[in-house]
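Since every read-out is calculated from the coordinates, none of them should be taken as a lab result. Remember, predicted model here, so these are calculated numbers, not experimental data. Neighbour counts are summed over all protein chains in view; Cβ atoms, including those assigned to glycine, are modelled from backbone coordinates with ideal geometry.
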Amino acid sequence: MKLNALMDNLGARRDIKRVGRGMASGYGKTAGRGTKGQKARAGSRKQATFQGGQMPILRRFPKYGFTNPFAKRYATINLGDIEKFIASGKIDAKKTITIDSLLDAKILNRAMSGLKVLAKGEIKTAVNIVADKWSAAAEAAITKAGGSIKNK
């Protein structure tokens, strides 16, 4: 086997369509573009959103709403998930659970603006959690299980 002898399998590459090379080629004269009109000319094509000159639907409907660029979005975790990860061994219940420990355990994939704990599911293990926000029901469930939750 020599490098200069390497080649593609037959049919792996198709020959390019050579247009405008005389009538005998089959793509002479108009070069496969038909006759006249905007599509036959060079350089100009209608946009994909063009609607025949009527007012486009994207301009007919009013714009509304607002996205606050300063809004804080929190990475959330539920109490049921914390209990499940403790049972599987991804979280050590004896250590304090922080956003960094959840990121290290690959439970969360980004920190966002902080950690928020929600009360979905139930927790039986006593855990100490450091979070930015939490629901009142989550706090009640954690203290009932013998744990604590506090702010950073």
(request) Filter the range 123-146 for residues that are surrounded by fewer than 18 Cβ atoms within 10 Å (Cβ to Cβ), touching a residue at least 24 places away in the same chain (Cβ under 8 Å) and within 20 Å of residue 94 (Cβ to Cβ) and give the result. (result) 124, 125, 126, 128, 130
(request) Mind listing whichever residues of the range 30-49 are outside any helix (DSSP H, G or I) and not small (Gly, Ala, Ser)? (result) 30, 33, 35, 36, 41, 45, 46, 47, 49
(request) Please find, among 16, 91, the residue that is touching a residue at least 12 places away in the same chain (Cβ under 8 Å) and either under 30 Å from residue 145 (Cα atoms) or in a loop (DSSP other than H, G, I, E, B) (or both). (result) 91
(message) Quick check on the range 1-17: of everything there that is loosely packed, with under 10 Cβ neighbours inside 10 Å and basic (Lys, Arg), which residue is farthest from residue 42 (Cα to Cα)?
(response) 2
(request) Working carefully through the options 80, 121, 52, find the one that is over 28 Å from residue 145 (Cβ atoms) and either of a type outside the set (A, V, I, L, M) or in a helix (DSSP H, G or I) (or both). (result) 52
(request) Scan the range 62-92 for residues that are over 26 Å from the mean Cα position of the chain (by Cα) and buried (at least 17 other Cβ atoms within 10 Å of the Cβ) and report the count. (result) 3
